[in-house]
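The structure under discussion appears below in the form of structure tokens.
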Amino acid sequence: MIRIRWSILFFFFPLLILSQAKTPLVSYDYESDAVYTKELRLLKNKAKRESTAIIKSIAELSYNYKDWDTAIDYYEKLLVDSPTAENYFKLGVAAARKSLVVSRFLSVPYILKAKNSVLQAHELQPKKMIFLNLLIQLYAEIPSLFGGSIALAETKADLLRDIDPVEGRMMQAYVLEVKNNYEASKSKYAEVFRYFKEEIPAPEQWGSSLRRDLIFDLGRAAAEFQMEPELGIAFLDHYLKDYGFKDNYPLEWAYYYRSKIYLYRKEFQEAEASIQKALEINSNFEEGLKFLKIVKLE
């Protein structure tokens, strides 16, 4: 909802490695959003006075609307007067996401900017969970030529587990997927699922307790590793029900993974209905079209 090779450079925040499918991230046509373009224009006119508050407003606005070029530009300006961990982190996210939409060659500077910025955020706040999450993904995915390190990613995942057992185990499972050690990865995911069954069994508690990306990732893991189908469907249903503008994973992919769970449970009608919903959202959804053919053969 990915392998160590050049295509790695295209999958950041959150970068989950799958043998079956590669979950993309949501993009947004901000240039066609009249509300955003008007607000941005007004703020840029005010920014001529070089107000730090206005620069911050532009950085945050463009970040929220996924205008990564503007976000990078203004977070770099903001860091001159406000070198906070949060600002470094958001610069890193914007740079990582920008790397998705440019050529491989042009993506390298953005990747380096992302790694360096998130590392700076982590150094300022070493126990901040969301900073560690992205840092682990960057070090696991970036080739060693550009400063990546699986060993460092593993060390940071162990640190994260000490801070937050669930998030840490999720990142340990993720790094094991990067290493193509799927049996060990599945075992880690199993630990997380056991935790939820014991500690947070009620779905109505998830919204206040869990990150949206984590909810999606658990549903994806259930689908790809063919485990805990009831929980997997519940997680994906929760993600679908509360889906909003700020979510990182496309809606059709949640339906796709739910369809995969139904298929391995041999609930063929439900599997077809779910993948059809995915295709209603995106008729050019390549993975969905392929999967529909498989469902129809059953």
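So in region 141-158, with the set limited to residues that are among the β-branched types (Val, Ile, Thr) and farther than 14 Å from PRO126 by Cα, which one is nearest to the chain's Cα centre (by Cα)? It would help to see each step written out before you state the result.
Start the filter on region 141-158 by keeping residues that are among the β-branched types (Val, Ile, Thr), which leaves 142, 150, 155.
If we keep only those that are farther than 14 Å from PRO126 by Cα too, we end up with 142, 150.
On the way: ILE142: 16, ILE150: 19 Å.
Here the answer is ILE142.
One residue stands out among those in region 127-183 that are surrounded by 23 or more Cβ atoms within 10 Å (Cβ to Cβ) and among the hydroxyl-bearing types (Ser, Thr, Tyr): the one that is nearest to ALA114 (Cα to Cα), which is TYR139.
Residues that are farther than 19 Å from ALA222 by Cα and either exposed (fewer than 14 other Cβ atoms within 10 Å of the Cβ) or aromatic (Phe, Trp, Tyr) (or both) within region 270-293 comprise GLU280, SER283, ASN284, PHE285, GLU286, LYS290, LYS293, listed in sequence order.
In the list LYS46, LYS66, LYS38, which residue meets the criterion of being part of a helix (DSSP H, G or I) and at pLDDT 95 or above? Steps first, answer last, please.
Working: LYS46 fails: at pLDDT 95 or above; LYS66 fails: part of a helix (DSSP H, G or I).
Testing whether each residue is part of a helix (DSSP H, G or I) and at pLDDT 95 or above leaves just LYS38.
Examine region 207-219 for a residue that is at pLDDT below 90, exposed (fewer than 15 other Cβ atoms within 10 Å of the Cβ) and of a type in the set (Ser, Thr, Tyr), and state whether such a residue exists. Please lay out each step first, then the result.
Taking region 207-219 as the starting set, the residues that turn out to be at pLDDT below 90 are 207-211.
Next cut, exposed (fewer than 15 other Cβ atoms within 10 Å of the Cβ) only: 207-209.
Next cut, of a type in the set (Ser, Thr, Tyr) only: 208-209.
Taking every residue of region 207-219 in turn, at least one turns out to be at pLDDT below 90, exposed (fewer than 15 other Cβ atoms within 10 Å of the Cβ) and of a type in the set (Ser, Thr, Tyr).
Here ALA254 does not qualify as at pLDDT 95 or above and more than 29 Å from ASP67 (Cα to Cα).
Taking the condition surrounded by fewer than 15 Cβ atoms within 10 Å (Cβ to Cβ) and either on the phi > 0 side of the Ramachandran plot or of a type in the set (A, V, I, L, M, F, W, C) (or both), does PHE245 pass? Answer is yes for this residue.
The values are calculated or read from the model by the stated rules, or taken from the named source; none is laboratory data. Owing to the predicted nature of the structure, the values given are computational and were not obtained by experimental measurement. Every residue, glycine as well, gets a Cβ built from its backbone with ideal geometry; the counts of neighbours run over all protein chains shown.
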